[in-house]
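Beneath this line is the structure, given in structure tokens, with notes to follow.
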Amino acid sequence: MPYAPKDYSKLIGMNGFTETILKNHFTLYQGYVTNTNKVLDTLDQMSKDGKTATPEFAELKRRLGWEFNGMRLHEYYFENLGGSGGIDKNSKLAQKMTESFGSYEGWEKDFKATGTMRGIGWVVLYLDKETGRLINFWVNEHDVSHPAGCVPLLIMDVFEHAFMIDYGLKRADYIEAFFKNINWAAADARVK
Ligand SMILES: [Fe+2]
């Protein structure tokens, strides 16, 4: 069954994000979905045709992580946007933030600092299921660097396409806009 791109057009109109940047971002996301399907189909065909011991098969297998994670991370990103108001201090997520970072504010400071690092990539708040600890990860290229056994709870895209049209080089301003629109209920629902 091919992956179908999800519709996030309800995010249009969100404060701090122009329609232009959101529509561009949706198009980019749809490209990841298309390519995930293409790579999976081609690999499947190569497998059926007995062409697995080839450099083409190996390279496409490597490519799959890039396309699949690009698809899924964008879905998590869009799904943890569209909210308003701050975090519910009684939520499971807020309690875990206090356990791991001392306070919500301690977590926020670290997450924002990670987001303003030089370079492009993603900031992902991960829950380490082994210990219950929360860790803010920097993920550069999204086919690598994801921590095994951890659950992504909150994703912030800091590739330039996520903010440059609206904010130029002022990434901190984009991060402020992102924070004003976090859908905390969606992030909290990911805590398992
Ligand atoms: Fe993106």
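A few notes on this one:
- Within the assembled protein chains, the solvent-accessible surface assigned to S9 is about 60 Å², based on a 1.4 Å probe.
- For a label point 7 Å along the Cα-to-beta-carbon line of Y3, residues of the stretch 63-89 with backbone N under 19 Å: 63-81
- Among the protein heavy atoms, those of D49 account for about 80 Å² of accessible surface (1.4 Å probe, every chain in place).
- Within the assembled protein chains, the solvent-accessible surface assigned to R63 is about 110 Å², based on a 1.4 Å probe.
- Calculated FRET value between E176 and S91, using beta carbons and R₀ = 30 Å, to 0.05: 0.90
- With all protein chains kept in place, the per residue accessible area of the chain amounts to 53 square angstrom at a probe of 1.4 angstrom.
- The shape of the stretch 81-192 comes out oblate: with a ≥ b ≥ c from the C-alpha gyration tensor, a/c is at least 1.5 while a/b does not beat b/c.
- Full-stretch length increase - V144, D41 - with 0.36 nm per residue and alpha-carbon distance subtracted: 34.9 nm
- Extended-chain gain in nm, criterion 0.36 nm per residue less alpha-carbon gap, A185 and K129: 18.2 nm
- Here the stretch 70-182 has 50 percent of its accessible surface on carbon and sulfur atoms, given a 1.4 Å probe and all protein chains in place.
- Backbone amide hydrogens, once placed in the peptide plane, bring I182 within less than 5 Å of G83, excluding anything fewer than 5 places away on its chain.
- GNM flexibility winner over the chain from T54, T114, T20 (Cα, springs under 10 Å): T54
- Taking 4 °C and 1.567 mPa s as conditions, the stretch 25-100 diffuses translationally at an estimated 85 µm²/s according to Stokes-Einstein applied to its Kirkwood radius (Cα pairs).
- Across the chain, Cα pairs under 8 Å and at least six residues apart give a relative contact order of 25 percent.
- Applying a length cut-off of 27 Å (Cα extent along the axis) and a mean Kyte-Doolittle floor of 1.6 to the DSSP H helices of the chain leaves no helix.
- Summarised in one figure, the compactness ratio Rg/Rh of the stretch 14-143, Cα atoms and Kirkwood Rh, is 1.07.
- Selected from V124, G65, F163, residue furthest toward positive end of dipole (the chain; charges at beta carbon): V124
The values are calculated or read from the model by the stated rules, or taken from the named source; none is laboratory data. Note that the coordinates shown come from a computational prediction; the quantities given were computed from them, not determined experimentally. Every residue, glycine among them, receives a Cβ derived from its backbone with ideal geometry; neighbour counts consider all protein chains shown. Remember, those area values only see protein heavy atoms, side chains included, never the ligands or the DNA or RNA. Shrake-Rupley method; radii C 1.70, N 1.55, O 1.52, S 1.80 Å.
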